[in-house]
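The values are calculated or read from the model by the stated rules, or taken from the named source; none is laboratory data. In this text the structure is predicted, and so the values were computed from the model without any measurement. In this analysis, Cβ positions are derived from the backbone assuming ideal geometry, glycine residues included, and neighbour counts consider all displayed protein chains. These accessible areas exclude ligands, DNA and RNA; they are computed on the full protein's heavy atoms, side chains included. Shrake-Rupley method; radii C 1.70, N 1.55, O 1.52, S 1.80 Å.
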Amino acid sequence: MSLAFHWFLPTNGDSRHVVGGGHGTPATASGRDRPPTVAYLSQIARAAEDLGFVGALTPTGAWCEDAWLTTAMVSQHTERLKFLVAFRPGFVSPTLAAQMASTFQRQTGGRLLLNVVTGGESNEQRAYGDFLDKDARYRRTGEFLEVVRALWEGKAVDLDGEHLRVEDARLARVPEPVPEVYFGGSSPVAGEIAARSVDVYLTWGEPPAQVAEKIAWIRGLAAARGRTPRFGIRLHVITRDTSEQAWAEAGRLLDGFDPDTVRSVQSGLARSESEGQRRMLALHGGRRDALEIHPNLWAGIGLVRGGAGTALVGSHDEVAERIKEYAALGIEEFVLSGYPHLEEAYWFGEGVLPRLAAQGVWRHPGGKGEAPTAQVPCAS
């Protein structure tokens, strides 16, 4: 079995500094350094495709461009790369979403993956016209996935649920293949949804012991339903030829964090209703010291960015070892990113992936024997 790696399309803008934002906080000014144009995002996507990434995640929220529209345009500039499109089920009807996914599959040759994001911030949800509380949003997500999956199977659907109602819903053409559903959440109701409906459960990059607990939790819930989902993890990466070079880059990023920005972002994130976000904040407590919370796992990104806030930092060999450590727990898919996303894709793709290939835990999905060995772009 080969591990699968996905990259990230920074539809909130890119920079040689960390672009903050997410979970109810706006993108920081650094997001204007490299605007998220179709041309630039396509450049990242083509690099990821060539290097051996399976897909690319696009985020959702008020802080970034729309994921559906952006990936539809970028897909026309790539051939193999899949798109892990984040979307919120409360913003569109399940029948329309199922139809959109089916269309996307036909027009891209089956390159859609769906990242279902229930939404952890009520104030942001209300801006889109959604006034349900958090638990109700998760219950609605469960109904949403029930309808969508039945439609993808070619069934006619009638549902009179707590939050959703459809009558004689059906698709003229079902998607081929059926998109896989990715999903994350740390609350009890999120666990129930994951156990019942998703293909891949995603966790943010917590230390291995905490990740192991999450995997055991979801596995137990899913086993009770006769299901065996796969597991993935969302991390940033800073990988270099030597450990010293990697930590120097992490230090450079940290030095670029304006104290007022850190205070503002942390204040905003502290109001988050997301259990996953609460767990991210607990890893660093808003402090700049003691940010290496596990060997080669750095919590500094979370000082200015909501959501995924940890990075694997180290030499290519060290990062490869940490990846294998997570894989030993049951993680099969890694959704990665780094600043700036074009250059960091090459650092990882040309530094770490060949090492994993040599150890027999990864192979290029495009059929190449190993990752490309072209010169790494200058990151000075």
(message) Taking the criterion of being in contact (Cβ under 8 Å) with a residue 40 or more places away in the chain and among the basic types (Lys, Arg), would at least one residue in the range 154-167 satisfy it?
(response) no
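What do you reckon, is residue 116 within 30 Å of residue 346 (Cα to Cα), within 15 Å of the chain's Cα centre (by Cα), among the β-branched types (Val, Ile, Thr) and open to solvent by less than 10 Å² (accessible area, probe 1.4 Å)? Let's see the steps before the verdict.
Working: within 30 Å of residue 346 (Cα to Cα): yes; within 15 Å of the chain's Cα centre (by Cα): yes; among the β-branched types (Val, Ile, Thr): yes; open to solvent by less than 10 Å² (accessible area, probe 1.4 Å): yes.
Yes, satisfied.
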(message) Please go through (1) hydrophobic (A, V, I, L, M, F, W, C); (2) open to solvent by less than 10 Å² (accessible area, probe 1.4 Å); (3) closer than 28 Å to residue 13 by Cβ for residue 347 and return the number of the only condition it doesn't satisfy.
(response) (2)
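Considering 194, 127, 156, which residue is loosely packed, with under 13 Cβ neighbours inside 10 Å, among the aliphatic types (A, V, I, L, M) and farther than 14 Å from residue 98 by Cα?
From the options 194, 127, 156, the qualifying one is 127.
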(message) Can you say whether residue 316 is modelled with pLDDT of 95 or more and under 24 Å from residue 1 (Cβ atoms), as far as the supplied structure shows?
(response) yes
(request) Using the structure shown, decide if residue 151 is open to solvent by less than 30 Å² (accessible area, probe 1.4 Å) and farther than 23 Å from residue 275 by Cα. (result) yes
(message) Being over 23 Å from residue 6 (Cβ atoms) and of a type in the set (A, V, I, L, M) is the filter here; which residues of the range 173-224 pass it?
(response) 174, 189, 209, 216, 221, 223, 224
(request) Report, by residue number, each residue of the range 216-241 that is open to solvent by less than 20 Å² (accessible area, probe 1.4 Å), within 26 Å of residue 346 (Cβ to Cβ) and touching a helix residue (DSSP H, G or I) at 6+ places or on another chain (Cβ under 9 Å). (result) 233, 235, 236, 237, 238, 239, 240
(request) Would you be able to say whether some residue in the range 312-331 is touching a strand residue (DSSP E or B) at 6+ places or on another chain (Cβ under 8 Å), crowded, with 23+ Cβ neighbours inside 10 Å, closer than 24 Å to residue 11 by Cβ and not polar (S, T, N, Q)? (result) yes
(request) Would you please list the contacts, defined by Cβ atoms under 8 Å and residues six or more apart or on different chains, that run from a residue in the range 206-224 that is more than 24 Å from residue 299 (Cα to Cα) to a residue that is in a loop (DSSP other than H, G, I, E, B) and among the hydroxyl-bearing types (Ser, Thr, Tyr)? (result) 219/228; 222/228
(request) Tell me which residues, restricted to the range 174-186, are open to solvent by less than 10 Å² (accessible area, probe 1.4 Å) and not β-branched (Val, Ile, Thr). (result) 175, 179, 182, 183
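For the range 208-245, enumerate the residues that are outside any helix (DSSP H, G or I), within 23 Å of the chain's Cα centre (by Cα) and among the acidic types (Asp, Glu). Talk me through it step by step, then tell me what you get.
Step one: list which residues in the range 208-245 are outside any helix (DSSP H, G or I), which gives 224-242.
With the extra rule that they be within 23 Å of the chain's Cα centre (by Cα), the set shrinks to 227-240.
Answer for the range 208-245, where residues must be outside any helix (DSSP H, G or I), within 23 Å of the chain's Cα centre (by Cα) and among the acidic types (Asp, Glu): there is none.
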(request) Would you please name the residue that is most open to solvent (accessible area, probe 1.4 Å), looking only at residues in the range 197-215 that are among the polar types (S, T, N, Q) and under 25 Å from residue 293 (Cβ atoms)? (result) 210
(message) Please go through the range 41-97 and give me each residue that is closer than 22 Å to residue 20 by Cα, open to solvent by 10 Å² or more (accessible area, probe 1.4 Å) and among the β-branched types (Val, Ile, Thr), ordered by number.
(response) 60, 70
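Search the range 289-303 for residues being out of contact with any strand residue (DSSP E or B) (no Cβ under 6 Å at 6 or more places or on another chain) and at pLDDT 95 or above, and hand back the single one that is most open to solvent (accessible area, probe 1.4 Å). So that I can check it myself, show each step before the final result.
Of the range 289-303, the ones out of contact with any strand residue (DSSP E or B) (no Cβ under 6 Å at 6 or more places or on another chain) are 289-290, 293-295, 297, 300, 302-303.
Filter again for at pLDDT 95 or above, leaving 293-295, 297, 300, 302-303.
On the way: 293: 47, 294: 47, 295: 70, 297: 1, 300: 0, 302: 6, 303: 0 Å².
Across the range 289-303, the extreme among qualifying residues is 295.
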